[in-house]
Amino acid sequence: MPMATPGYLPFHPTPRKPAQALPPNACDAHCHVFGPAARFPFSPTSTYVPVDAPKETLFQRHRHLDFSRAVIVQASCHGADNAAMLDALRSGGEDYRGIAVVAEDVTEPELEDMHEAGVRGVRFNFVKRLGGGRPLGVYRTILDRIEPFGWHVVVYFDAEDLEDLAPFLRGIEVPVVIDHMGRAPVEQGVESRPFRLLRDLLAGDGKFWVKVSGPERLSRVGPPYADVEPVARALLRTVPERVLWGTDWPHPNMKSHMPDDGALVDWIMAVCDTPVLRRQVLVDNPARLYWSGG
Ligand code: 0GY
């Protein structure tokens, strides 16, 4: 088995139970599976080597936290080899959906096979420290290939790159889901330039969605991530009908600390401060995007 990158933190071994129960049929709309490397090797071009985070542990976490549904997002450590994610989808059954990373020469039978397993979109990862950012023509080719499948796009980028990416994102014709609040610089509050641009995108075009996930990544002060709340609440006020949330288990590349997944559930339950909003973000919005097409 390969050695994890020095300093790479393993996932929390014993997350607590959330203080307040999730609404019925809640969906963890952003999580990953890593390896096990002995069966699903990591990509040789990945910028990091994680600790194995296999499907069995993910399923156990979902039972523990009381999530009924989940979306498994392909992470950069597996490159465009979606085998571990597809294997998890096939084990998870109808309550699991996936987001793949594909090369521009992906074939129709490969896409059909992924759709059959539960994939409903592709991820474009523009984060440079993760090796992201291919020429835009590559992404346009992929968009043409997924179009017949009714899939959407999940984008991950650093806040400072949003201004350059915005024209490309506006030109995409399928729904575009923005990961982790666009990595907004929370220390600048809700008036930072990238955050204003993010809100303008969301408010101006119904195809844009956002995940208010990753408070542990954006926080400068640590748990319970109070400094991230204003930014998350502003997004919830802007487009409550197009906000998703996920644990981001197993939390790759966390350097400052490893979050307790039960505490993260407590965070989203507090930030969504009415039962109606909780249901919208954790149940109805993901159901519409990931399950309404069958
Ligand atoms: C996340 C965040 C990270 C990693 C990846 O694809 C990835 O490797 O997305 C990160 O390092 O910020 O969503 O898992």
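What single numbered condition from (1) in contact (Cβ under 8 Å) with a residue 60 or more places away in the chain; (2) of a type in the set (D, E, K, R); (3) touching a Phe, Trp or Tyr at 6+ places or on another chain (Cβ under 8 Å) fails to hold for ASP52? Status for ASP52: all satisfied but (1). Only a single item in (1) open to solvent by 40 Å² or more (accessible area, probe 1.4 Å); (2) more than 16 Å from the ligand (Cβ to nearest atom) is not met by ARG183, and it is number (2). Considering the stretch 235-269, the residues that are more than 20 Å from VAL71 (Cβ to Cβ) and away from the ligand (no atom under 16 Å from the Cβ) include one that is surrounded by the fewest Cβ atoms within 10 Å (Cβ to Cβ), namely ARG237. Return the residue satisfying two criteria in turn: it lies in the stretch 95-137 and is surrounded by 18 or more Cβ atoms within 10 Å (Cβ to Cβ) and among the small types (Gly, Ala, Ser), and of such residues it is nearest to the ligand (Cβ to nearest atom). Here the residue is GLY132. Answer yes or no: is there a residue in the stretch 57-69 that is among the charged types (D, E, K, R), open to solvent by 10 Å² or more (accessible area, probe 1.4 Å) and in contact with a Cys (Cβ under 6 Å, 6 or more places away or on another chain). Yes, the stretch 57-69 contains at least one residue that is among the charged types (D, E, K, R), open to solvent by 10 Å² or more (accessible area, probe 1.4 Å) and in contact with a Cys (Cβ under 6 Å, 6 or more places away or on another chain).
SER46 falls short on exactly one of the conditions (1) in contact (Cβ under 8 Å) with a residue 40 or more places away in the chain; (2) in contact with a helix residue (DSSP H, G or I) (Cβ under 9 Å, 6 or more places away or on another chain); (3) closer than 27 Å to ALA287 by Cβ, and that condition is (3). Screening PRO44 with (1) part of a loop (DSSP other than H, G, I, E, B); (2) open to solvent by less than 30 Å² (accessible area, probe 1.4 Å) gives one miss only, at (2).
Which residue out of LEU218, LEU198 is within 16 Å of the ligand (Cβ to nearest atom) and modelled with pLDDT of 95 or more? Answer to the selection: LEU218. Quick check on the stretch 34-93: of everything there that is within 15 Å of the ligand (Cβ to nearest atom) and of a type in the set (Ser, Thr, Tyr), which residue is nearest to the chain's Cα centre (by Cα)? The selected residue is SER76.
Restricting the first member to the stretch 161-186 and to residues that are touching a residue at least 60 places away in the same chain (Cβ under 8 Å), and the second to residues that are open to solvent by less than 30 Å² (accessible area, probe 1.4 Å) and among the polar types (S, T, N, Q), the beta-carbon pairs closer than 7 Å and six or more apart or on different chains are HIS180/SER213.
The values are calculated or read from the model by the stated rules, or taken from the named source; none is laboratory data. The model shown is predicted, which means the values in this text are computed figures rather than measured ones. Quick reminder, even Gly has a Cβ in these numbers, built from the backbone with ideal geometry, and neighbours come from all protein chains shown. SASA here: full protein model, heavy atoms, side chains in, ligands and nucleic acids out. Shrake-Rupley method; radii C 1.70, N 1.55, O 1.52, S 1.80 Å.
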